[in-house]
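Here is the structure we will look at, set down as structure tokens.
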Amino acid sequence: MQEIFYTLATPKEYFHQSRKFPFPKPQKCLQPDCLISIPPKKHGFYSRNAIEPDFLERIDIRRYHCEYCGKTISYLPCFCLPYIQYTLKTVFFGLVCHFSLEFSLSVCLKLFRAVSQDIYWTYQHLQFYAKRFILNLKRIYIVLRQLLPGIILPEPTEKGAQRVLYLVLTGFADIQAFSARFFEQGGRSFLAPCK
Ligand SMILES: [Zn+2]
């Protein structure tokens, strides 16, 4: 399983600290069907891409292993999203351009190319993240209502996406804080695949 942990470290700082980074240490197994109170043991690292403007590296992800249930737990820094190689900030920038600023996908792509040559996004990339965000809106609403009681939300369409992004920008320290809290509350990322 993957956990997202909050850190103020930027991708560059995390990358430079490499395996000396102060990774979180679970005190018990986090697998929902295990939860044994024996700290899982360090179990090496795996590497994954983290891509954003001016940063294109493979970073190490700390892994633990529970000897009781035999499963592993890996700790993803909050600037990453599971199974998405672009950093959270990069994907968020795309969502804000498209939904909040209401730029068309082709204008968003032009902006991306102007900001960085490291981001080789195509129309399909941006469309994929925008669609994924819309498909997750109902789930995002449930978690947001727990985190920000009393909020009013429109139908989960493009207007809803706009409203959610506004709440993220105004109600949380940054997108990483939102993403980490969302994961903690909902057990999945806010851009997880929808069934
Ligand atoms: Zn376990």
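The values are calculated or read from the model by the stated rules, or taken from the named source; none is laboratory data. A quick note: this is a predicted structure, and the numbers were derived from the prediction, not measured. Quick reminder, even Gly has a Cβ in these numbers, built from the backbone with ideal geometry, and neighbours come from all protein chains shown.
Table: residues versus (1) within 11 Å of the ligand (Cβ to nearest atom); (2) of a type outside the set (D, E).
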| residue | (1), (2) |
| --- | --- |
| I38 | yes, yes |
| E67 | yes, no |
| I73 | yes, yes |
| C78 | no, yes |
Tell me, which residue of segment 7-16 that is touching a residue at least 40 places away in the same chain (Cβ under 8 Å) and closer than 21 Å to D118 by Cα is farthest from the ligand (Cβ to nearest atom)? K12
Does P40 fit the bill of being modelled with pLDDT of 95 or more, in contact with an Asp or Glu (Cβ under 9 Å, 6 or more places away or on another chain) and surrounded by 14 or more Cβ atoms within 10 Å (Cβ to Cβ)? yes
For segment 157-184: of the residues being small (G, A, S) and either outside any helix (DSSP H, G or I) or within 12 Å of the chain's Cα centre (by Cα) (or both), which is farthest from Y6 (Cα to Cα)? A173
Being more than 16 Å from the ligand (Cβ to nearest atom), assigned to a helix (DSSP H, G or I) and either surrounded by fewer than 19 Cβ atoms within 10 Å (Cβ to Cβ) or modelled with pLDDT under 95 (or both) is the requirement here; does Y120 meet it? no
Confirm whether I84 is surrounded by 18 or more Cβ atoms within 10 Å (Cβ to Cβ), over 22 Å from A161 (Cα atoms) and away from the ligand (no atom under 15 Å from the Cβ). no
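A quick yes/no check of all residues on (1) farther than 22 Å from K89 by Cβ; (2) over 20 Å from the mean Cα position of the chain (by Cα):
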| site | (1), (2) |
| --- | --- |
| K110 | no, yes |
| Q117 | no, yes |
| Q124 | no, no |
| F128 | no, no |
| F133 | no, no |
| V143 | no, no |
| I151 | yes, yes |
Restricted to segment 94-103 and to residues being in a helix (DSSP H, G or I) and aliphatic (A, V, I, L, M), the residue surrounded by the fewest Cβ atoms within 10 Å (Cβ to Cβ) is V96
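Conditions (1) assigned by TED's automatic domain parsing to the domain that holds L111; (2) within 16 Å of the ligand (Cβ to nearest atom); (3) without any contact (Cβ under 8 Å) to a residue 40 or more places away in the chain, marked per residue:
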site	(1), (2), (3)
S18	no, no, no
C29	no, yes, no
C34	no, yes, yes
S47	no, no, yes
P53	no, no, no
E57	no, no, no
D60	no, no, no
G70	no, yes, yes
Mind checking whether some residue in segment 75-98 is among the charged types (D, E, K, R) and under 15 Å from the mean Cα position of the chain (by Cα)? yes
Neighbours by Cβ (under 8 Å, 6+ apart or cross-chain): first from segment 120-136, in contact (Cβ under 8 Å) with a residue 24 or more places away in the chain; second acidic (D, E) and in a helix (DSSP H, G or I): I134/E158
